[in-house]
Each structure stands twice: as structure tokens, then as C-alpha cells.
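In what follows, a structure is listed as C-alpha cells, so that the remarks can point back to it.
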Amino acid sequence: MEANESGFEITQGQGAWVIRMWWPTGPITGGPQRITVEAAEGAATRDVARGISTTVLRRLDMAAAMKLAEQAPELQQGMKEVTAKVEQAGEAAGLLLADEGVSEPYLAMLAATYKTMADMGAPAPVPWLARLIDRRPETVKDHLKRARREGYLTTVAGKAGGELTDKATEILAAFVNPDDVQG
């Protein structure tokens, strides 16, 4: 594995071919964003002349590459930092809920925290979020449904997450820096 400031590259050999997989710096949430296949140094000309076969691609060990990438020290530090920020955001949403009830700032913060959890590939964002705001997962699901219904978070069919709407972004911007609000 090679790492630099822009990402990680994992290399695998498959017969006459070298396969390089690249992930950007940050949490590993799925497969690589780039794969290159090139003839290996010293590969037999007859093997290279046949081209890349589907067999070569099927033998690509994506799971092993992802496991190796996830163990990178640089990634581990980055994950700790991202996780700490997500935890802070979730706790802030919990404080908003305790202070204001199911308010606009709470729904926007809840939606943003949930989106971040889903984007980073958290396997169970709702229970994690429930723990952070000190509510049951069913309650968090109801609040997320309300956030979607009231226009803070879009829906992604069959997947956790969604996109923050302009409404949520505006509320969060005002909440984070009230001096920027112009009335």
C-alpha cells in the first residue's frame, strides 16, 4: 500500500497484470474510486496481447484491498477525528432536543448528523444517533421522517442518508454563526 496526502493506493498482481486501486483520504465507505490495470513488468507478450480478461477482473480481491486500506494508520487517525466530530454533532442535537423540543434547529442538526453518519458508512446510524441524543431508535426514526417531511433531508431509496436541503443548510448556518443572519 502506498499513501500520500490525496489518498491510498493498493496494488494486486493477477497473472500478467498489475491492478492498482485508489481511495481518497478519508473514511473508506466502499470500493475504490479508481482502478487501473496495466501489464506487469516482465509479463509474457502473448498474455498481454490477449488483453484483460473478465477472469482477471473477477479475481480482483476487493475485500482484501479494503481491509488493508482500513488498517492504514493515517486512515485510523482520520476516522477518530471524524467520529469525534460526529459524536459532538449528535450530542449537540440531543441538547437542542432537551432545550427546545423538536424544533427547526434540532431537525436540521439531526438531519446533518445522520447524513454524515451514513456518508461515512456507519453500519447502524440510527442506533448510534439514538445513543447520542439519549432517545430510543424508534423515536429517532420518527424524527428523521419528520425532518424529511418538513424539508430538511431528501430521501435516497433503499439507503440510509440523503442530502441536506437548502432549508437545513440555512438553519445550520444561522445556528453555527448567528452574526451571519440577515433579517
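The values are calculated or read from the model by the stated rules, or taken from the named source; none is laboratory data. Since we're looking at a predicted model, the values are computed, not measured. Ideal geometry is used to build each Cβ from the backbone, glycine not excepted, and the neighbour counts take in all protein chains shown. Please note that ligands, DNA and RNA were not included when accessible areas were found on the heavy atoms of the full protein model with its side chains. Shrake-Rupley method; radii C 1.70, N 1.55, O 1.52, S 1.80 Å.
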Label-to-label distance, nm, for residues given as GLN33 and ALA173 (7 Å Cα→Cβ offset)
2.4 nm
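Rg to Rh for the chain: what is it, with Cα atoms only and Rh by Kirkwood? If you can, show how the numbers build up before the last one.
On the way: Rg = 21.8 Å, Rh = 19.1 Å.
Rounded to two decimals, Rg/Rh equals 1.14.
Which of the three applies to segment 91-138, rounded, prolate or oblate, going by the alpha-carbon gyration tensor with a ≥ b ≥ c and a/c under 1.5 meaning rounded? Walk me through the numbers before you get to the answer.
On the way: a/c = 2.53, a/b = 1.54, b/c = 1.64.
It comes out oblate by the Cα gyration axes.
Taking all pairs of distinct Cα atoms, average 1/r, flip it, and tell me the Kirkwood hydrodynamic radius of segment 88-183 in Å to one decimal place.
On the way: mean 1/r = 0.0757 Å⁻¹.
For segment 88-183, inverting the mean 1/r across all distinct Cα pairs yields 13.2 Å.
Going from most exposed to least, what order do LYS167, LYS115, LYS80 have by accessible area with a 1.4 Å probe? All intermediate terms of the calculation are to be shown ahead of the outcome.
Values: LYS167 80, LYS115 40, LYS80 140 Å².
Ranked list, largest accessible area first: LYS80, LYS167, LYS115.
Fully extended, how many nm does the chain gain between GLU87 and ASP47 (0.36 nm per residue separation, minus their Cα-Cα distance)? Don't skip to the end; give the middle numbers.
Working: separation 40, 0.36 × 40 = 14.40 nm, distance 5.18 nm.
Length gained, GLU87 through ASP47: 9.2 nm.
For every helix of n ≥ 4 consecutive DSSP H residues, a contribution of -39,500 (n - 2.57) applies; sum these over the chain, divide by its total residues, and give [θ] at 222 nm rounded to the nearest 500 deg cm²/dmol. Write out the running numbers ahead of the final one.
Values: 8 runs with 96 residues, N = 183.
Mean residue ellipticity at 222 nm (helix-derived): -16500 deg cm²/dmol.
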Which value, in Å to one decimal place, does the Kirkwood hydrodynamic radius take for segment 38-144 when every pair of different Cα atoms is included?
17.1 Å
Find the lysine pairs in the chain meeting two conditions, Cα atoms under 26 Å apart and a separation of 8 or more places or different chains, and report how many there are.
21
